[in-house]
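**Student:** This structure is in structure tokens; I'll ask about it shortly.
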Amino acid sequence: MKKKVLIGALTCMMALNAHAQYQYDRTLPLPTVDLYDTGVMNMYLRALAETAPRRQQRYEEFADLAFNAFEDNQWSSVISYVNQALSTGFYCGYLFYIRGYALEQQGNLKAAKNDYKTGKKYNCREAALALEALKAKKKERK
């Protein structure tokens with residue numbers, strides 16, 4: 001989360017120097033002011049910071065529901081709860097793993113592979129192992 005805020009702030013600072021494209025047709029009165037309003041960007045960053053505790057709480061609630069559904073082999077529920085948890089802006093590699101596993105159980109191997117890759121990227125050991133197993137399974141089919 002902190003990484004996203006930092007990247008957003010850096011993007012805002014870089015955008016301060018950006019201007020609209022050069023106006024080729026001088027007959028049209030197009031403005032050439034800054035493309036980004038720093039006030040709006042600051043308001044957005046402030047809103048993210050203020051809503052972080054509530055989003056974190058929602059993330060944890062949906063993650064718990066996803067883990068429970070995973071234990072009960074309720075694959076559609078796992079996918080739904082993980083999607084809702086990730087929509088808060090918080091994440092962990094294990095969530096991508098369990099959604100990938102649920103997708104694999106439903107036969108959506110391409111989406112499962114993408115989730116395993118993302119889980120591996122976020123240092124989830126289970127996702128890395130599942131990705132290798134899925135690759136081996138695909139090789140056997142060929």
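The values are calculated or read from the model by the stated rules, or taken from the named source; none is laboratory data. Values in this document were obtained by computation on a predicted structure and should not be read as measured data. We place every Cβ from the backbone using ideal geometry, glycine too, and count neighbours over all the protein chains shown.
**Student:** Under the condition of being surrounded by fewer than 21 Cβ atoms within 10 Å (Cβ to Cβ) and touching a residue at least 24 places away in the same chain (Cβ under 8 Å), which residue from segment 114-136 is nearest to residue 92 (Cα to Cα)?
**Tutor:** Going through segment 114-136, the residues surrounded by fewer than 21 Cβ atoms within 10 Å (Cβ to Cβ) turn out to be 114, 117-118, 121-123, 125-126, 128-129, 132-136.
Filter once more, so that each one left must be touching a residue at least 24 places away in the same chain (Cβ under 8 Å): 118, 121-123, 126, 134.
Numbers: 118: 10, 121: 10, 122: 7, 123: 9, 126: 12, 134: 21 Å.
For segment 114-136, the residue satisfying everything is 122.
**Student:** For segment 94-113, enumerate the residues that are crowded, with 20+ Cβ neighbours inside 10 Å and either in contact with a Phe, Trp or Tyr (Cβ under 6 Å, 6 or more places away or on another chain) or of a type in the set (D, E, K, R) (or both).
**Tutor:** Correct list: 98, 99, 100, 102, 104.
**Student:** If you check residue 37 against the conditions, is it closer than 21 Å to residue 119 by Cα and not hydrophobic (A, V, I, L, M, F, W, C)?
**Tutor:** In short, no.
**Student:** Pull out all pairs, ordered by first then second residue, where Cβ-Cβ is under 8 Å, the residues are six or more apart or on different chains, the first lies in segment 60-72 and is in contact (Cβ under 8 Å) with a residue 12 or more places away in the chain, and the second is polar (S, T, N, Q) and in a helix (DSSP H, G or I).
**Tutor:** The qualifying pairs are 62/84; 65/77; 66/77; 69/77.
**Student:** Can I ask one more? Which of the residues spanning segment 59-88 are over 23 Å from residue 107 (Cα atoms) and surrounded by fewer than 16 Cβ atoms within 10 Å (Cβ to Cβ)?
**Tutor:** Residues satisfying the conditions are 60, 61, 64, 87.
**Student:** Return yes or no: is residue 84 closer than 30 Å to residue 129 by Cα, at pLDDT below 95, in a helix (DSSP H, G or I) and not basic (Lys, Arg)?
**Tutor:** no
**Student:** Confirm whether residue 117 is more than 18 Å from residue 70 (Cα to Cα), under 16 Å from the mean Cα position of the chain (by Cα) and not polar (S, T, N, Q). Spell out how you get there, then give the answer.
**Tutor:** On the way: more than 18 Å from residue 70 (Cα to Cα): yes; under 16 Å from the mean Cα position of the chain (by Cα): yes; not polar (S, T, N, Q): yes.
When the stated conditions are applied, residue 117 passes them.
**Student:** Which residues, counting only those in segment 121-142, are in contact with a helix residue (DSSP H, G or I) (Cβ under 7 Å, 6 or more places away or on another chain), farther than 22 Å from residue 76 by Cα, in a helix (DSSP H, G or I) and not small (Gly, Ala, Ser)?
**Tutor:** Answer for segment 121-142, where residues must be in contact with a helix residue (DSSP H, G or I) (Cβ under 7 Å, 6 or more places away or on another chain), farther than 22 Å from residue 76 by Cα, in a helix (DSSP H, G or I) and not small (Gly, Ala, Ser): there is none.
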